[in-house]
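**Q** My structure is below; once you've seen it, I'll send some questions.
The values are calculated or read from the model by the stated rules, or taken from the named source; none is laboratory data. The structure presented is a predicted model; accordingly, all values stated were derived computationally and were not measured. Ideal geometry is used to build each Cβ from the backbone, glycine not excepted, and the neighbour counts take in all protein chains shown.
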Amino acid sequence: MTAPLQRFAVLGAGSWGTALAVQLARRGHTVALWARDSQAIAAHEAARCNTRYLADTPWPDTLSGEPDLARAVAGADDVLVVVPSHALADCLAALAPHLTPDQRVLWATKGLEPDTARLPHEVARAVLGDTRAMGVLSGPSFSGEVGHGLPTAVTIASENDAFANDMAAAFHDGMFRVYTARDVIGVGVGGAVKNVLAIAVGISDGLGYGANARALLITRGLTEMMRLGAALGGARETFTGMAGLGDLLLTCTDDQSRNRRMGLALATGQSVDAAAREIGQVVEGVRVAREVHRMAIAHGIDMPIAAQAYAVLHEDMAATTAVRRLTDRPYRAEAE
Ligand SMILES: NC(=O)C1=CN([C@@H]2O[C@H](COP(=O)(O)OP(=O)(O)OC[C@H]3O[C@@H](n4cnc5c(N)ncnc54)[C@H](O)[C@@H]3O)[C@@H](O)[C@H]2O)C=CC1
Ligand SMILES: O=C(CO)COP(=O)(O)O
């Protein structure tokens, strides 16, 4: 199916915003990539690549760096927002006065708002209202591989079918496959919780616990994700799809993941702050662990792996103690 060519504004020129902007431009769309750091975006524009995050991915001709938010949005049919979850509300608030009623908004943020634990769609509704078509893009997708044009599949979820279909058609090609869905809640929960679980797996792998432990953590981690997802109203099948198990597997098993690398660093005794500085990019799972832990308690949900990741990240618990707390748990029925 050939999509009509559109004009997009992509807000956020980190690694993922840049990779998605490149994908849209490869499909022939006209893309204005905006960043709040006007000097950085000017440098990227001059180099025709994102020199900081994706230096080996040249920008197609239809992609341009745009330092002015109003200009980026004014020229767009639809807007894609790709900032970390702690910045989503601010970024949407900056966007709001520039939006026309017809412009639709898709985000690719994976996390929960710090302190409020709001999912991205709740933040978007609170800031932009609920009359405009909105949705989320998520799934197993490292920016570097998308930048290199390697095969990837994602989910685009929206309660507005026409929007989900339009966005799928805009992005989809032989190398970047898109599945559509309606379950914005489930996709949001999957994208947030997998970050915490990847830190847990990184800790386990860093301590040398091996492949059996990794499979255990991923499988039981999926159960924890599904429990929280069910409590919040997500659909069960979402968690066995791209934005659930798909992203969980990817993030837990490959060192391209910043969350996994955080866990590996913690296992060596490095502090959270030192590891975050060394990684030098957003590690969503650090803040999300606090919100997931709070929500699990508030909803009375058993999430032991997420709880131990929280304890290591925020309560100074030694990684070895956290693992022992998990292994000391009594046996139980698997289906409980
Ligand atoms: N990098 C990846 O492979 C993937 C990332 N994601 C998600 O995409 C989101 C963004 O992540 P990355 O691009 O990887 O992060 P990054 O660490 O590469 O870049 C974050 C960017 O956001 C910008 N930013 C921060 N606060 C801002 C604000 N208030 N307004 C405007 N810009 C702001 C920063 O200047 C930086 O350029 C995260 O939620 C992440 O989980 C999702 C899929 C893949
Ligand atoms: O979301 C991602 C891949 O789907 C990126 O994972 P990290 O944020 O852990 O690097």
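**Q** Check His293 against each of (1) in contact (Cβ under 8 Å) with a residue 60 or more places away in the chain; (2) surrounded by 14 or more Cβ atoms within 10 Å (Cβ to Cβ) and name the one condition it does not meet.
**A** Answer for His293: the failing condition is (1).
**Q** Still on this structure, please answer the following. May I ask you to verify whether Ala267 is surrounded by 16 or more Cβ atoms within 10 Å (Cβ to Cβ) and outside the structural domain of Thr155 (by the TED database)?
**A** Considered against the rule, which asks whether it is surrounded by 16 or more Cβ atoms within 10 Å (Cβ to Cβ) and outside the structural domain of Thr155 (by the TED database), Ala267 comes out as yes.
**Q** What is the number of the single condition among (1) in contact with a helix residue (DSSP H, G or I) (Cβ under 6 Å, 6 or more places away or on another chain); (2) not in a loop (DSSP other than H, G, I, E, B) that Asp90 does not meet?
**A** For Asp90, the failing item is (1).
**Q** Starting from the stretch 123-144, keep only residues that are in contact (Cβ under 8 Å) with a residue 60 or more places away in the chain, then list their pairs with residues that are part of a helix (DSSP H, G or I) and surrounded by fewer than 18 Cβ atoms within 10 Å (Cβ to Cβ) whose Cβ atoms are within a distance under 7 Å, requiring at least 6 positions of separation or different chains.
**A** Pairs that qualify, where the first residue is in contact (Cβ under 8 Å) with a residue 60 or more places away in the chain and the partner is part of a helix (DSSP H, G or I) and surrounded by fewer than 18 Cβ atoms within 10 Å (Cβ to Cβ), are Pro140/Leu249.
**Q** Got a sec? Which helices (runs of 4 or more DSSP H) wholly within the stretch 239-305 have at least 1 residues that are under 15 Å from the mean Cα position of the chain (by Cα)?
**A** Hits in the stretch 239-305: 247-253, 258-267, 284-299.
**Q** Between a first residue in the stretch 249-273 that is within 12 Å of ligand 2 (Cβ to nearest atom) and a second residue that is outside any helix (DSSP H, G or I), which pairs have beta carbons less than 6 Å apart while being 6 or more apart in sequence or on different chains?
**A** As it stands, the answer is Leu250/Pro140; Thr251/Ser257; Gln256/Phe142; Arg258/Gln281; Arg258/Val283; Asn259/Val283; Met262/Val283, since those pairs meet every condition given.
**Q** Could you please let me know if Arg324 is buried (at least 22 other Cβ atoms within 10 Å of the Cβ) and among the charged types (D, E, K, R)?
**A** For Arg324, the condition - buried (at least 22 other Cβ atoms within 10 Å of the Cβ) and among the charged types (D, E, K, R) - is not met.
**Q** Here's a follow-up. Take the residues of the stretch 148-164 that are small (Gly, Ala, Ser) and crowded, with 23+ Cβ neighbours inside 10 Å: which is nearest to ligand 1 (Cβ to nearest atom)?
**A** Here is the first cut: in the stretch 148-164, the ones small (Gly, Ala, Ser) are 149, 153, 157-158, 162, 164.
Still in the list and also crowded, with 23+ Cβ neighbours inside 10 Å: 157-158, 164.
Values: Ala157: 14, Ser158: 17, Ala164: 18 Å.
Filtering first and then ranking leaves Ala157.
**Q** Same structure again: May I ask you to list the residues in the stretch 42-87 that are touching a strand residue (DSSP E or B) at 6+ places or on another chain (Cβ under 6 Å) and within 16 Å of ligand 2 (Cβ to nearest atom)?
**A** Leu80, Val81, listed by residue number.
**Q** Taking the conditions exactly as written (without any contact (Cβ under 8 Å) to a residue 40 or more places away in the chain and under 23 Å from Pro140 (Cα atoms)), does Ala25 satisfy them or not?
**A** Yes, satisfied.
**Q** Inspect the stretch 165-172 for any residue being more than 30 Å from Ala322 (Cβ to Cβ), surrounded by fewer than 20 Cβ atoms within 10 Å (Cβ to Cβ), more than 18 Å from the chain's Cα centre (by Cα) and in the same structural domain as Thr51 (by the TED database) and give the result as yes or no. Write out each step before concluding.
**A** Restricting attention to the stretch 165-172, the residues satisfying the condition of being more than 30 Å from Ala322 (Cβ to Cβ) are 165-172.
Okay, now just the ones that are also surrounded by fewer than 20 Cβ atoms within 10 Å (Cβ to Cβ), so 165, 169.
Still in the running and more than 18 Å from the chain's Cα centre (by Cα): 165, 169.
With in the same structural domain as Thr51 (by the TED database) added as a condition, the list becomes 165, 169.
Yes, the stretch 165-172 contains at least one residue that is more than 30 Å from Ala322 (Cβ to Cβ), surrounded by fewer than 20 Cβ atoms within 10 Å (Cβ to Cβ), more than 18 Å from the chain's Cα centre (by Cα) and in the same structural domain as Thr51 (by the TED database).
**Q** What are the residues in the stretch 30-66 that are in contact with a helix residue (DSSP H, G or I) (Cβ under 6 Å, 6 or more places away or on another chain), closer than 20 Å to Leu5 by Cβ and part of a loop (DSSP other than H, G, I, E, B), if any?
**A** Pro60, Thr62
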